[in-house]
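One structure below.
The values are calculated or read from the model by the stated rules, or taken from the named source; none is laboratory data. All values derive from a computational prediction rather than experimental measurement. Every residue, glycine among them, receives a Cβ derived from its backbone with ideal geometry; neighbour counts consider all protein chains shown.
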Amino acid sequence: MPKILIIDDEKAIRRTIKEILEFEKYTVDEAEDGQQGLEMALKGHYDVVLSDIKMPKLDGNELLNKLMAHGTESSLIMMSGHGNIENAVDAVKKGAFDYLSKPIDLNRLLVTIRNAMHKSTLVVETKILKKKIGKTYQMIGNSLALNNIRDMIDKVAPTDARVLITGSNGSGKELVAREIHNKSSRANAPLIEVNCAAIPSELIESELFGHEKGAFTSAIATRKGKFELAEGGTIFLDEIGDMSLSAQAKVLRALQENKITRVGGDKEIKVDVRIIAATNKDLKKQIEKGEFREDLFHRLSVIPIQVPSLNERKEDIPLLTEHFVNLICADYGMPIKTITKDAIKVLQQKDWTGNIREFRNVIERLIILCGKEINDKDVKQFA
């Protein structure tokens, strides 16, 4: 049941609001001053905190500042009998969800609390989702090859240097790109991924740079491209070796001038993005064949990172096995299964041409088809 804390030095106001909220099936606690309210708010895990501005011991503004400094997940609604626009704006700027003037309009109070509850739910769901995503996108292993990659990421991430990640399919190039973004100063801005191999050559320019209304038959409205959507953040150009030469020319211009032009437009748009590219192809051979621009290659590969294949770091297989078993069993809502040491030895002997992607699929297959303990015979049968 949703929990609400009311902090107000006027007992009559606390009781009135409490009765109304309890009628609406909320669990409500009271605090008679700011200090008591702060202590309860930090311990009680409240969905919403309703606080007066003028109170003894600790006023509402000080309470708001302290709760925000502690990273509270509660939605804070401030109240005051001396309300004005300046107070409302100041409270919201400091992190309050909303501001109510006394005497309290009860209908507005209930609407504001419902909206605050919705926001609190979204905050919690977002944190859970981020944790889940974080577990999904992890670089697992302690091999020398992987630790060298981590060292390179730590050096490169704080800069805005362009990075070209190479490696075979399924080796984890996307994980490296995500790690660079997450450890950069742009981590709170978007990471926009573009799979250049999955977009038809005639649409890649529109996808990257956007288009103006009427630029082509199906362009019924102006549309921003990936470069604009990644403003302030990072754009990850996966499989850049499959990009058309005309699109390569425009990407080169964007790199040189930090400007783009939408398809069908003539207005130059400034963009502030970091570019990370990846490919499983030998771009130098493509340059020789005239399939990739040499000047773009040199612009992209300021920092080249070669991701090792799974066959090059088989000592990581025990840790990868444990990681994927825990992850997949959790996804399926089943008890954690165990894999014997002999089974792991068989996994280490296998030729992993599909790298981490293939390995994860094999672990999932074993979890689905085998019993509580997965042994070497199971691996030989299903891997």
Among residues of region 194-204, those that are buried (at least 17 other Cβ atoms within 10 Å of the Cβ) and out of contact with any Ser or Thr (no Cβ under 7 Å at 6 or more places or on another chain), counted: 3
Filter region 142-173 for residues that are surrounded by 18 or more Cβ atoms within 10 Å (Cβ to Cβ) and in a helix (DSSP H, G or I) and give the result. LEU146, ILE149, ILE153, VAL156, LYS173
Return the total of residues in region 45-64 being under 35 Å from the mean Cα position of the chain (by Cα) and either surrounded by 18 or more Cβ atoms within 10 Å (Cβ to Cβ) or not charged (D, E, K, R) (or both). 11
When you go through (1) out of contact with any Leu (no Cβ under 6 Å at 6 or more places or on another chain); (2) in contact (Cβ under 8 Å) with a residue 24 or more places away in the chain; (3) more than 30 Å from ALA277 (Cα to Cα); (4) not aromatic (Phe, Trp, Tyr) one by one for ASP331, which number turns out not to apply? (2)
Within region 336-347, the residues that are surrounded by 14 or more Cβ atoms within 10 Å (Cβ to Cβ) and in a helix (DSSP H, G or I) are ALA343, ILE344, VAL346, LEU347
With criteria (1) at pLDDT below 95; (2) of a type in the set (A, V, I, L, M); (3) over 29 Å from ASN280 (Cβ atoms), ILE374 comes up short on (1)
Can you name every residue in region 143-168 that is in contact with a helix residue (DSSP H, G or I) (Cβ under 7 Å, 6 or more places away or on another chain) and either of a type in the set (Gly, Ala, Ser) or farther than 21 Å from ARG299 by Cβ (or both)? SER143, ALA145, LEU146, ILE149, ALA157, GLY167, SER168
Please return the ranges of strands (runs of 3 or more DSSP E) entirely within region 259-329 where 3 or more residues are of a type in the set (D, E, K, R) and in contact with a strand residue (DSSP E or B) (Cβ under 9 Å, 6 or more places away or on another chain). none
Considering only region 348-378, how many residues are touching a Lys or Arg at 6+ places or on another chain (Cβ under 9 Å), in a helix (DSSP H, G or I) and more than 21 Å from SER143 (Cβ to Cβ)? 3
Flag if ALA187 is modelled with pLDDT of 90 or more, assigned by TED's automatic domain parsing to the domain that holds MET243 and either surrounded by 21 or more Cβ atoms within 10 Å (Cβ to Cβ) or assigned to a loop (DSSP other than H, G, I, E, B) (or both): yes
For residues that are of a type in the set (A, V, I, L, M, F, W, C) and assigned to a loop (DSSP other than H, G, I, E, B), scanning just region 218-255, find the one that is nearest to LYS289 (Cα to Cα). MET243
Residue set LEU67, LEU42, LEU38; condition in contact with a His (Cβ under 8 Å, 6 or more places away or on another chain), of a type in the set (A, V, I, L, M) and either surrounded by 14 or more Cβ atoms within 10 Å (Cβ to Cβ) or assigned to a helix (DSSP H, G or I) (or both); output residue LEU42
Go through (1) within 36 Å of the chain's Cα centre (by Cα); (2) under 15 Å from LEU106 (Cα atoms) and name the single condition ALA69 misses. (2)
Residues within region 256-280 that are more than 32 Å from the chain's Cα centre (by Cα) and without any contact (Cβ under 8 Å) to a residue 24 or more places away in the chain, tallied: 1
Please count how many residues of region 4-15 are at pLDDT 90 or above and either touching a helix residue (DSSP H, G or I) at 6+ places or on another chain (Cβ under 9 Å) or within 19 Å of GLU73 (Cβ to Cβ) (or both). 5
Close pairs (7 angstrom Cβ cut-off, 6 or more residues apart or separate chains): without any contact (Cβ under 8 Å) to a residue 12 or more places away in the chain and aromatic (Phe, Trp, Tyr) in region 175-189, buried (at least 18 other Cβ atoms within 10 Å of the Cβ) and part of a helix (DSSP H, G or I) anywhere: none
Within region 45-64, the residues that are part of a helix (DSSP H, G or I) and of a type in the set (D, E, K, R) are GLU62
Quick check on this structure: which one of LEU203, LEU283 is in contact (Cβ under 8 Å) with a residue 40 or more places away in the chain, out of contact with any Asp or Glu (no Cβ under 8 Å at 6 or more places or on another chain) and hydrophobic (A, V, I, L, M, F, W, C)? LEU283
Considering every residue within region 346-362, establish whether at least one is more than 23 Å from GLY167 (Cβ to Cβ) and more than 27 Å from the chain's Cα centre (by Cα). yes
